[in-house]
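Just below is one structure, and these are the notes that go with it.
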Amino acid sequence: MLTDDPQNHASKKANGAGNHAGARRQLWLYEGLVALGALLFVFPMVLILITAFKPDSEIVRFHGLLPRTTTLANFRAILGSPEEIPIVRWFGNSLFISSAATLLVLTVDSLAAYAFARLDLPGKKWVFGAVVATMMVPGQILLVPVYLILNRLGWLDTPTALIIPAGAGAFGVFLLHQFFISLPKELEEAAAIDGCSRWGIFWHILLPLSRPALATLGIFTFIGSWNDFLGPLVYLDSVDKYTLPVGIALFQTSYYAEYGLTLAASVLCTLPVIVAFLLFQRNIIQGIALSGIKD
Amino acid sequence: MTRSRLLRRWSGYLYALPYLTLFGMFIVLPLLYGLRLSLFRWEMLSRLQPRFAGLGNYAEAVRDPYFWKSLVATFKFVALAVPLTVCLALLIAVGLKSLPGRRQAFYRAAYFTPTILTISVAGILWRWFYNSEFGLFNAYLGRFGIKVPWLTDTHWAMISIVLMTLWWTVGGPMVVLLAGLQNIPPQYHEAAALDGATGWKSFRHITLPLLRPVLLFVVVINVIGAFQVFGQTFMITRGGPEMSTRSLVQYIYETAFNNYRMGYAAALSWLLFLVIAVFSLAQFRLMRER
């Protein structure tokens, strides 16, 4: 009888609804704060885009966020003088170096990760342990010796100096290794019984299953190589061999006063990465999360 | 038969061979070569051959005021940037966790985007923000009669660099911490809520202890990264004013590639490595014990 008491029932319901409304209000508050912060984070990038379309006079004397006159002059100027500002060339260099480095990393890392994750190698634990341990070595301390090694190889001031050493990083091997060992072994065992070779298992079974992990590593490597600054700054010498980030940095020192040009160049440098990021952001973010959680 | 099996086991290394070759050439070899180099005097532009100097380069570093100055600047940066980055990342991650899937992914991407900018673009942008004459910050602050010497004052310059770094790098740790938060089974918080622990209490006594391994990872990675700060200071202040923001890596860079003192630069690199190693180990110890 007590449970059917209508008054009790009603008051309970009201109470529940009150809590619910409170929780919802709190959730809106959270979302409002999160959105405000997100706006602050994105704002500077939107600002580059807007300002790149302003004439220099409006940049130097700040009137407000939106341009009074919109102009393509900045873009025309940087694209129109390839002798002084070989930005198209830098773009091409960056594209070539990043693509080649990505291809190399995917190839050598997937092969090595397969060996470490699935093959019965003598002393595997030690070798893999040594490889993973170098992930803790700060990359900058290798700068000087790598420079001298590249010098001896005669690779300085060539794209090779940036492509080949990129394949030595341990991160990709680690990431793919973690992915490979998470795949069920039964498929491979069945294939082995059917007479599939080690190579066949790698090529026909493991690789197709690993597309998401390979995509993640590929995007990581591409963006990392595209944005690399210290490497090209040290290993490249001639202006026409520069990559975009170093080219733009140099550009900034010589066209210091012309912010419009610098910002337009920045837009051109950033657009491909932003597009790649938006297309693959799920992969990228999951990859980072994975590398942080699973060790 | 055993021989052929042994051969088969070893032949598996063929798969790892391309990678291991590169690993040997560009990681193991440079590590050892750098260590050896640090024991030699080698001015690359002079005609003198490299000559053995024992610990001479290290002794020089101890007496070198520029080394100490850059070390102090680097420590300052680490001490400011790491705690602020990790706290802000945690704050954003906690905020994001309360949101439903699709909107969470949207905001997460927004916070992460600055991270994918190359340092020259990010640096150019912030130099313009900080510019004292026509920079955005002073343009707005000027309306209230405030003018901040963002990059021209020795104290403000480091703060400006740290502020920009927060914006540029908080995305990575935020994503990792968010994943860590989502890995905590909700039962823990439900049980705590039944016992009356909600909000801050639940965060302090349930979330933080369970997040510790991930937090440790984030802190260590951030410390390693922060000790290697280069791009921000190089692009925004060039190490100035009065070398107050010249980091150790920038000093190494200048020693090696402006002055071509390869042996000394290698020794400075190893000192940096030592500092980073000590700090990483200490953090592992500290976090494990507690």
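The values are calculated or read from the model by the stated rules, or taken from the named source; none is laboratory data. In this text the structure is predicted, and so the values were computed from the model without any measurement. Here the Cβ positions follow ideal geometry from the backbone for every residue, glycine too, while neighbour counts run over all protein chains shown.
Taking the range B:156-187 only, how many residues are under 20 Å from B:Ala81 (Cα atoms) and without any contact (Cβ under 8 Å) to a residue 12 or more places away in the chain?
Within the range B:156-187, the subset under 20 Å from B:Ala81 (Cα atoms) is B:156-178.
Imposing the further condition that a residue be without any contact (Cβ under 8 Å) to a residue 12 or more places away in the chain reduces the set to B:156, B:163.
Of the residues in that region, 2 qualify.
Got a sec? Which of A:Tyr114, A:Tyr147 is under 30 Å from B:Phe227 (Cβ atoms), of a type in the set (Phe, Trp, Tyr) and within 9 Å of another protein chain (Cβ to nearest Cβ)? Matching residue, one of A:Tyr114, A:Tyr147: A:Tyr147. Whenever a residue of the range B:209-232 is of a type in the set (D, E, K, R), its partners that are part of a helix (DSSP H, G or I), lying with C-beta atoms within less than 9 angstrom and at least six residues away or across chains, give the pairs B:Arg212/B:Met287. Residue-level check: of (1) farther than 19 Å from A:Ala100 by Cα; (2) in contact (Cβ under 8 Å) with a residue 24 or more places away in the chain; (3) crowded, with 20+ Cβ neighbours inside 10 Å, A:Cys269 misses just (1). Per the conditions (1) facing chain A (nearest Cβ under 7 Å); (2) more than 24 Å from B:Gln228 (Cα to Cα), the sole criterion not satisfied by B:Val121 is (2).
Of all the criteria given as (1) of a type outside the set (Ser, Thr, Tyr); (2) more than 9 Å from every other protein chain (Cβ to nearest Cβ); (3) buried (at least 20 other Cβ atoms within 10 Å of the Cβ), the one not satisfied by A:Ala249 is (2).
In the range A:213-241, the qualifying residues are those that are touching an Asp or Glu at 6+ places or on another chain (Cβ under 9 Å) and not in a helix (DSSP H, G or I), and the one that is modelled with the highest pLDDT is A:Leu236. Highlighted here are the helices (runs of 4 or more DSSP H) found entirely within the range B:181-266 that include at least 1 residues which are among the aromatic types (Phe, Trp, Tyr), within 16 Å of the chain's Cα centre (by Cα) and over 16 Å from B:Trp68 (Cα atoms): B:208-227, B:231-236. For the range A:180-238: of the residues being among the charged types (D, E, K, R) and more than 11 Å from chain B (Cβ to nearest Cβ), which is nearest to A:Asn93 (Cα to Cα)? The selected residue is A:Arg211.
Given the criterion part of a helix (DSSP H, G or I) and over 29 Å from the mean Cα position of the chain (by Cα), identify the matching residue among A:Arg152, A:Arg89. Before the answer, list the steps.
On the way: A:Arg89 fails: over 29 Å from the mean Cα position of the chain (by Cα).
After applying the criteria, what remains is A:Arg152.
Restricting attention to the range A:16-69, the residues that are of a type outside the set (S, T, N, Q), part of a loop (DSSP other than H, G, I, E, B) and more than 21 Å from B:Asn138 (Cα to Cα) total 1. The residues of the range A:127-155 that are within 15 Å of A:Phe171 (Cβ to Cβ), among the aliphatic types (A, V, I, L, M) and surrounded by fewer than 20 Cβ atoms within 10 Å (Cβ to Cβ), listed by number, are A:Ala130, A:Val132, A:Ala133, A:Met135, A:Met136, A:Val137.
Only helices (runs of 4 or more DSSP H) wholly contained in the range B:58-166 count here; list those with 1 or more residues that are closer than 23 Å to B:Leu248 by Cβ and within 19 Å of the chain's Cα centre (by Cα). Working first, answer last.
Details: elements: B:65-97, B:101-112, B:119-130, B:136-141.
Counting at least 1 such residues, we get B:65-97, B:119-130.
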